[in-house]
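Colleague: Structure incoming, see below.
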Amino acid sequence: MKYSVLEILRQGLTGNKGWQPLWRNPGPKPAYDVVIIGGGGHGLATAYYLAKTHGIHNIAVLEKGYIGGGNVGRNTTIVRADYGQKGNSAFYSHSLKLWQGLSAELNYNVMFSPRGLLELCHSDGQLEAYNRRANMIAAQGDQVEMLDRAGVRAYAPYLGFESARFPIRGGLLQRTAGTARHDAVAWGYARAADRLGVDILQKCEVTGIDIANGKLQGVQTSRGVIRAKKLAICVAGRSSQVAGMAGMRLPIESHVLQAFVTEGLKPFINTVINFGVGHFYISQSDKGGLVFGGDLDGYNSYAQRGSLSQVEHVAEAGMSMIPALGKARLLRSWGGIMDMSMDGAPIIDKTHIKGLYFNGGWCYGGFKAIPASGSAYARLIATGSLPDYAAAYRLSRFESGHLINEEGTGAQPGLH
Ligand SMILES: Cc1cc2nc3c(=O)[nH]c(=O)nc-3n(C[C@H](O)[C@H](O)[C@H](O)COP(=O)(O)OP(=O)(O)OC[C@H]3O[C@@H](n4cnc5c(N)ncnc54)[C@H](O)[C@@H]3O)c2cc1C
């Protein structure tokens, strides 16, 4: 079924009885050409691009829970291309371009909203560093501009300008950045992949990976054994656990990151804003809730909830940036398990096991990466090589020391 205005009218006039489920609910086949573990954004996008671009249709996506239940449906929905490091900048630049046409590509409204991203500077040194990064972003060909204090005030007058402790000196503004509805991205890719013949198997947990003589054979799952010519790991916060089933030890730790949403308010915040002193970022959802988050909790965890000390820390940073936030009531908070790599950058690569591929280590930034990651991973699986824009994300960088350290915080995942 193709979604269109005419279809809405047709369904409206016929009692809305003809809408079809977004994807089928098939049983597992005994064997597939490609099995993808993880029905998050990256797994579903990979399945879609494998079928659409490379003509491989005999694919299963195995998801232990339900579609959208992982980080793809838990994040703060920020999409941006403001990276300065070689490797990152080309990748996220490409991803932002794919976001711009994604709703049309999938025939599903992912509600991509390029409402801009403002990153605040609070000192001369920070202003200089952001100017340097703005030049790098511009050199990559992406939209960016620097605002002075008056420019920031005109753009976002509700910020706390009177704070003597953290005065606002200026800001880096990327008008093409913004937000998208996170679970719509999962649903849109799932529906589009399903239409191309991909089997999406929910409640199908992978419990073992079968390997013989260094070659992949298939997987053991809660719904039986499934053989596969190629197996693609795409499980975000569970990367170490699942790779461990193949005997691999990864340069990745699992950490919990929390997100928060307030009661619905009238339109108030017109953009996405990053605080320049603490780690705090905020936007307003289309329903009116203020959506925000901060740093990860700082300890290894597989719990999808966080600790109260971090709630306090995030609230303090928010209040320092927008004092009026104190009037809003917090409605919900939740946690997601992040796969933090040692340099804060992701991994997309083959492994030493023939037929086994790995995609993970997305840390804080994997939502915005979904379109570019899916298309790069699909190409790797189909052809054996990565496109240039993702070529820096090989596992071997941890061996050779060519780390992509955007934050400059060293090999400590908890600090990225
Ligand atoms: C609170 C929070 C805020 C964030 N904010 C942003 C943001 O604003 N912008 C941004 O770009 N990024 C953000 N991120 C990061 C981003 O959400 C993740 O990097 C990205 O979603 C991870 O990829 P994914 O969508 O494929 O993961 P997931 O949706 O987690 O998908 C992985 C799936 O694998 C499944 N799985 C695991 N083990 C197995 C198994 N054994 N068998 C079968 N299935 C399995 C899981 O159930 C899960 O559904 C945020 C993350 C969190 C937690």
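The values are calculated or read from the model by the stated rules, or taken from the named source; none is laboratory data. Note that the coordinates shown come from a computational prediction; the quantities given were computed from them, not determined experimentally. Note: ideal-geometry Cβ built from the backbone for every residue, glycine included; neighbour counts use all protein chains shown.
Colleague: Any chance you could count how many residues in the range 349-384 are within 12 Å of the ligand (Cβ to nearest atom) and among the aliphatic types (A, V, I, L, M)?
Modeller: 3
Colleague: Would the range 51-62 turn up any residue that is crowded, with 24+ Cβ neighbours inside 10 Å, touching a residue at least 60 places away in the same chain (Cβ under 8 Å) and within 21 Å of Pro371 (Cβ to Cβ)?
Modeller: Yes: the range 51-62 contains one or more residues that are crowded, with 24+ Cβ neighbours inside 10 Å, touching a residue at least 60 places away in the same chain (Cβ under 8 Å) and within 21 Å of Pro371 (Cβ to Cβ).
Colleague: Considering only the range 249-284, state which residues are within 14 Å of the ligand (Cβ to nearest atom), free of Cβ contacts under 8 Å to residues at least 60 places away in the same chain and surrounded by fewer than 22 Cβ atoms within 10 Å (Cβ to Cβ).
Modeller: If the condition is that a residue be within 14 Å of the ligand (Cβ to nearest atom), free of Cβ contacts under 8 Å to residues at least 60 places away in the same chain and surrounded by fewer than 22 Cβ atoms within 10 Å (Cβ to Cβ), then His279 is the only one that fits.
Colleague: Then there is this: For the condition crowded, with 19+ Cβ neighbours inside 10 Å, touching a helix residue (DSSP H, G or I) at 6+ places or on another chain (Cβ under 6 Å) and free of Cβ contacts under 8 Å to residues at least 60 places away in the same chain, what is the one hit in Gly294, Gly289?
Modeller: Gly294
The rows are residues; the columns are (1) of a type outside the set (A, V, I, L, M, F, W, C); (2) within 30 Å of Glu119 (Cβ to Cβ).
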residue: Met1; (1), (2): no, no
residue: Leu6; (1), (2): no, no
residue: Gly43; (1), (2): yes, no
residue: Tyr49; (1), (2): yes, no
residue: His57; (1), (2): yes, no
residue: Ala60; (1), (2): no, no
residue: Ile67; (1), (2): no, no
residue: Ile78; (1), (2): no, yes
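Colleague: What are the residues in the range 212-222 that are at negative phi, more than 9 Å from the ligand (Cβ to nearest atom) and touching a strand residue (DSSP E or B) at 6+ places or on another chain (Cβ under 7 Å), if any?
Modeller: Scanning the range 212-222 gives Lys215, Leu216, Gln217, Gln220.
Colleague: For the range 71-85, give me each residue that is in a loop (DSSP other than H, G, I, E, B) and under 25 Å from Ala392 (Cβ atoms).
Modeller: Residues satisfying the conditions are Asn75, Arg80, Ala81, Asp82, Tyr83, Gly84, Gln85.
Colleague: Looking at the range 197-224 only, could you name the residues that are in contact (Cβ under 8 Å) with a residue 60 or more places away in the chain and more than 23 Å from the chain's Cα centre (by Cα)?
Modeller: Gly197, Ile209, Ile211, Gly214, Lys215, Leu216, Gly218, Val219, Thr221, Ser222, Arg223, Gly224 - these are the residues of the range 197-224 that are in contact (Cβ under 8 Å) with a residue 60 or more places away in the chain and more than 23 Å from the chain's Cα centre (by Cα).
Colleague: Next question, about the same structure. Tell me which residues, restricted to the range 86-133, are among the small types (Gly, Ala, Ser) and either surrounded by 20 or more Cβ atoms within 10 Å (Cβ to Cβ) or assigned to a loop (DSSP other than H, G, I, E, B) (or both).
Modeller: Matches in the range 86-133: Gly87, Ser89, Ala90, Ser95, Gly101, Gly116, Ser123.
Colleague: Inspect all residues belonging to the range 54-76 and state whether any of them is basic (Lys, Arg) and within 14 Å of the ligand (Cβ to nearest atom).
Modeller: Within the range 54-76, one or more residues are basic (Lys, Arg) and within 14 Å of the ligand (Cβ to nearest atom).
Colleague: Do you know which residues across the range 347-371 are outside any loop (DSSP other than H, G, I, E, B) and under 18 Å from Tyr48 (Cβ atoms)?
Modeller: Ile348, Tyr357, Asn359, Ile370, Pro371, listed by residue number.
Colleague: Looking at Gly344, Gly336, can you tell me which residue is part of a loop (DSSP other than H, G, I, E, B), more than 30 Å from His57 (Cβ to Cβ) and within 16 Å of the ligand (Cβ to nearest atom)?
Modeller: When all the criteria are applied, what remains is Gly344.
Colleague: Hey, any hits in the range 34-49 for a residue that's assigned by TED's automatic domain parsing to the domain that holds Gln241, more than 6 Å from the ligand (Cβ to nearest atom) and assigned to a loop (DSSP other than H, G, I, E, B)?
Modeller: No, the range 34-49 has no match at all.
Colleague: Please indicate, with yes or no, whether at least one residue in the range 372-392 is at pLDDT 95 or above, closer than 22 Å to Gly414 by Cβ and in a helix (DSSP H, G or I).
Modeller: No: zero hits.
Colleague: Which of the following residues is closer than 26 Å to Gly101 by Cβ and among the charged types (D, E, K, R): Asp343, Asp339, Asp388, Asp349?
Modeller: None of the other options fit; the residue is Asp388.
Colleague: Next up: Mind checking which residues of the range 77-111 are away from the ligand (no atom under 12 Å from the Cβ), in contact with a Gly (Cβ under 7 Å, 6 or more places away or on another chain) and of a type in the set (A, V, I, L, M)?
Modeller: Within the range 77-111, Leu106, Val110 qualify.
Colleague: Follow-up. Checking the structure you have, find out if any residue of the range 238-245 is free of Cβ contacts under 8 Å to residues at least 60 places away in the same chain, in contact with a helix residue (DSSP H, G or I) (Cβ under 9 Å, 6 or more places away or on another chain) and surrounded by fewer than 17 Cβ atoms within 10 Å (Cβ to Cβ).
Modeller: No, the range 238-245 has no match at all.
Colleague: Still on this structure, please answer the following. Let me spell it out: the conditions are (1) within 22 Å of Tyr389 (Cβ to Cβ); (2) surrounded by fewer than 22 Cβ atoms within 10 Å (Cβ to Cβ), and Met1 meets all of them except one. Which number is the exception?
Modeller: (1)
Colleague: While we're on this one: Please tell me if Ile200 is at pLDDT 95 or above, crowded, with 23+ Cβ neighbours inside 10 Å and within 15 Å of the ligand (Cβ to nearest atom).
Modeller: yes
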